[in-house]
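Undergrad: So that we are looking at the same thing, I have put the structure below in structure tokens.
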Amino acid sequence: MTVAMDVCTRVALFGTKEIPADAIALQAGPLSLRLQGTKLLALRAGGHEVWHGVAFVYRSAGWATPESIVDVCKTRIGVSDFSVDIQAHFAVAPRIDLHIRIEGDVSGRVRYEGTAVAQEDIATQRTGLCVMHPMSAMGRAVEIGHDDGRTSFSTFPRLVPPWPPFMLVKSLRHEFADGAWASCRLFGESFEFEDQRNNADASFKVYGRSNSMPRPYCLRAGVPLTQRVELEVGRVPFPAQAVEGPAFAVGTALDRCPAIGIGLAPEQLVEDGQLLAKVKALSPIQIHLVLDSPHDVVDFDVLEKCVVASGRPLRLDIRVVTVSSAARIMSLGRLLQERGIHAEAVAGFPATHSMVAVLRDAFPGAAIGGGTPYFFAQFNRVENLGPVNFLSFTVSAIVHGADDQSPMDGLQSLPSLIDTARTRHPEVAVRVGPSGIAAPRSPLGDQPASDGTRRIALARRDPRSGALYGAAWMIGHIGTLAQCALQAVSVWGFGPGEGLFFGDDASSVQLTPAGWVLREIRGASSVLRVHVTHPASSAAFAFVRPGASIVLMANLSETALWIRTESLSAGVLHLLDAHAWIEHHEGRHPDPWRAVASTEDCVCHLPAFAVARLVIPSASEHAFKR
């Protein structure tokens, strides 16, 4: 159930007054699950996640994924069984009506059937069932039943495959724990299996309508589209051994801290004092200028001031480079040199052999990068990559879904992306970003309209970016990638609603919670190794900066955590939570961090999406537990 809270607290946590649908707990024999809207979430047996979720989705011609809106929901909930009947719709033009029927019985079987009916003809890239398997299935055995009657035997991939590894899928039987299997049978369409980590999701997905079929295609007016999935768990293992925690173990120095940058678009280079004040508020950080093409208009006067104020050399990306634009690229390089602006790294897309040569001539001494200006899915499919010095891609946390759980779950996929990139391109450095919860640009087509006040998948703005939720996500994102020994990590943040700043008054730049977190990270010299026992609910980033070692801890959930700090008694602990943030934002305290009083057992409460800052005198090994 959604935790009840007042409006001020909700805005502090999520940046919006919008209240998501409550989740209903259901039980089908040994299988526990939740229903939120028309989606089934976290189907678990014996303490193990068996399926990550089930949903009936509509994907627009631009691959947007609007949430279904429930009109009527009738439920019968027993102790070990249930039935649900839902009338819903997708609020698109024209409207699509949706009927969902779900049943679960005491033997551990769940049947989910959806029927969509468009009021008028409407284009879609994909409409129908999606069944998600969890990331914990990596490396485990799976049996695939195919449309032609064949059965193939394989494992869930560890590295991220660029294309669907399993086609013409009719059923899947997979091992979800040692010796424990579950089955999934699909009806009404030809299904495929793909790795959702390609888009920074923490799941594997089985979806309706093959990529080999034409798309977009048309949902015909009044013609029902019905698909069904039947799920069943077999022998249920003994419950997984409970692990005390969450716990963070902080060890010795791992490597240099990645360069931390903030993405900047050329239209944001405005001589109004506001941008320069923002740069100074977070320096030393790296300016990461992103051009759509080398022909973009750039105010070099403002850029020069920003780079000087940042205290770091420039990182430059050019989203579209071509042989025909070589002269303009050379001119851009000369303009930067004449201004004394040192571009230490330049990425161009696509970075073919010929374009890498052009970029090296235009920016002598700069590291040259390639990959994609978009998501890992596009990076994973890059061909003809030239001799680059570094690889680059970005992350958006809401490509497929905008619920509060998915962006946090997706943080667990990041190490797999880096492992895959390094396996495909050994000994090439990796830089990620600029990234964020939202997706400022998409390679998939037109993005859904958003004013930044609602949770909308694939939207350019997301209200949570500037709230405590965004600060917790920032720690998880940068902290996880820093453990992977990256060269650089950058995030969006200078623009309105991008997550680091409030207001437009140059005389009083106001940092968001994520801005305060980034302020702590600036100047970090090396990263400390951190082991997180419960990455689904907590994250940490530990680093050394002049005079101190810092551990930033984040609660990634709406459920409060407790942390023990007895082994870190020499440290100073502060919290950034909803209460402290409201007092700061209303002007009652200049600093949003509040000191945590010691107790006899050194227990500290970490509320929903709160962040803790621990300053310790050295980088020696420590551990603390909930």
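Undergrad: Is at least one residue of segment 401-418 among the charged types (D, E, K, R), more than 29 Å from Pro66 (Cα to Cα) and not assigned by TED's automatic domain parsing to the domain that holds Ala137?
TA: no
Undergrad: For residues that are part of a loop (DSSP other than H, G, I, E, B) and under 20 Å from Ala524 (Cβ atoms), scanning just segment 600-624, find the one that is modelled with the highest pLDDT. Spell out the reasoning first.
TA: At the first step, the residues of segment 600-624 found to be part of a loop (DSSP other than H, G, I, E, B) are 600-602, 607-610, 617-621.
Keeping just the survivors that are under 20 Å from Ala524 (Cβ atoms) gives 617-621.
On the way: Pro617: 72, Ser618: 64, Ala619: 46, Ser620: 46, Glu621: 45.
Checking each candidate, the answer is Pro617.
Undergrad: Can Ser354 be described as of a type in the set (S, T, N, Q) and either touching a His at 6+ places or on another chain (Cβ under 6 Å) or without any contact (Cβ under 8 Å) to a residue 12 or more places away in the chain (or both)?
TA: Numbers: of a type in the set (S, T, N, Q): yes; either touching a His at 6+ places or on another chain (Cβ under 6 Å) or without any contact (Cβ under 8 Å) to a residue 12 or more places away in the chain (or both): no.
So Ser354 does not fit the description; no.
Undergrad: Test each condition in (1) crowded, with 17+ Cβ neighbours inside 10 Å; (2) over 23 Å from the mean Cα position of the chain (by Cα) for Thr115 and report the one that comes out false.
TA: In the conditions (1) crowded, with 17+ Cβ neighbours inside 10 Å; (2) over 23 Å from the mean Cα position of the chain (by Cα), Thr115 misses (1) alone.
Undergrad: What about Asp71, is it out of contact with any helix residue (DSSP H, G or I) (no Cβ under 6 Å at 6 or more places or on another chain), part of a strand (DSSP E or B) and either more than 26 Å from Leu458 (Cα to Cα) or outside the structural domain of Ala137 (by TED's automatic domain parsing) (or both)?
TA: No, not satisfied.
Undergrad: Okay, next question. Against the conditions (1) part of a strand (DSSP E or B); (2) modelled with pLDDT under 95, where does Leu186 fall short? Just the number, please.
TA: (2)
Undergrad: Another question about this same structure. Please note which strands (runs of 3 or more DSSP E) are completely contained in segment 117-159 and include at least 2 residues that are among the β-branched types (Val, Ile, Thr) and touching a Leu at 6+ places or on another chain (Cβ under 7 Å).
TA: It comes to 122-124, 141-146.
Undergrad: Please verify whether Val110 is in the same structural domain as Val79 (by TED's automatic domain parsing), surrounded by fewer than 18 Cβ atoms within 10 Å (Cβ to Cβ) and either at pLDDT 95 or above or not in a strand (DSSP E or B) (or both), treating the condition exactly as stated. Reasoning before the result, please.
TA: Working: in the same structural domain as Val79 (by TED's automatic domain parsing): yes; surrounded by fewer than 18 Cβ atoms within 10 Å (Cβ to Cβ): no; either at pLDDT 95 or above or not in a strand (DSSP E or B) (or both): yes.
Against the criterion (in the same structural domain as Val79 (by TED's automatic domain parsing), surrounded by fewer than 18 Cβ atoms within 10 Å (Cβ to Cβ) and either at pLDDT 95 or above or not in a strand (DSSP E or B) (or both)), Val110 does not qualify.
Undergrad: Answer yes if at least one residue in segment 101-118 is free of Cβ contacts under 8 Å to residues at least 40 places away in the same chain and among the charged types (D, E, K, R), and no otherwise.
TA: Within segment 101-118 (the criterion being free of Cβ contacts under 8 Å to residues at least 40 places away in the same chain and among the charged types (D, E, K, R)), the answer is yes, since at least one residue qualifies.
Undergrad: Something else now. Could you go through segment 154-170 and let me know if any residue there is over 19 Å from Phe376 (Cβ atoms), assigned by TED's automatic domain parsing to the domain that holds His99 and surrounded by 22 or more Cβ atoms within 10 Å (Cβ to Cβ).
TA: Scanning segment 154-170 turns up at least one residue that is over 19 Å from Phe376 (Cβ atoms), assigned by TED's automatic domain parsing to the domain that holds His99 and surrounded by 22 or more Cβ atoms within 10 Å (Cβ to Cβ).
The values are calculated or read from the model by the stated rules, or taken from the named source; none is laboratory data. Predicted model, so just to flag it, every value in this text is computed and none were measured. Backbone-built Cβ (ideal geometry, glycine too); neighbour counts: all protein chains shown.
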